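Everything below concerns the one structure shown next.
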Amino acid sequence: MRPRFAVGDYVALGSRIRPHAWAAWLDQRRDAPRPRTLALIDHHFLMVEPALGRPGVALSPKAIALNETRLEASCGFDADGTDYALICPISAAIAQDLCSLIDWIIALEPS
């Protein structure tokens, strides 16, 4: 765990689409240090860059953070009941690049 996070010297980065996610996470992780403040960003896909600019700490979905090599998940990942799915019209032919995306989504599923 990074020293600034460990002592609560960080800005909690959250998304406007899930504004209560930090409160819920902190309720589950009572041992986690409380942030100085909360900053909401339009969408969680936009959190990587602000999280790199210290002292921001992002609460990010695993699908976003999993392949991001510049960040670490110091506290690991917690299940939050969300699922991701790829939807398309039934009649649509599935292109090869879409098949690759489907394979990637399936690989993220816990065994």
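Nothing in this text is a laboratory measurement; each read-out follows from the coordinates by a stated rule. Note that the coordinates shown come from a computational prediction; the quantities given were computed from them, not determined experimentally. Positions of Cβ are generated from backbone atoms using ideal geometry, with glycine treated the same way; all protein chains shown enter the neighbour counts.
Remind me, relative contact order of the stretch 3-65 in percent, using alpha carbon pairs under 8 angstrom and six or more residues apart?
Values: 89 pairs, mean separation 28.5, N = 63.
45 percent.
Counting only the Cα atoms, the stretch 3-65 fills a convex hull of 80 Å³ per residue. Among CYS99, CYS75, sorting on how many other beta-carbon atoms sit within 10 Å of each Cβ, with the fewest leading, yields CYS99, CYS75.
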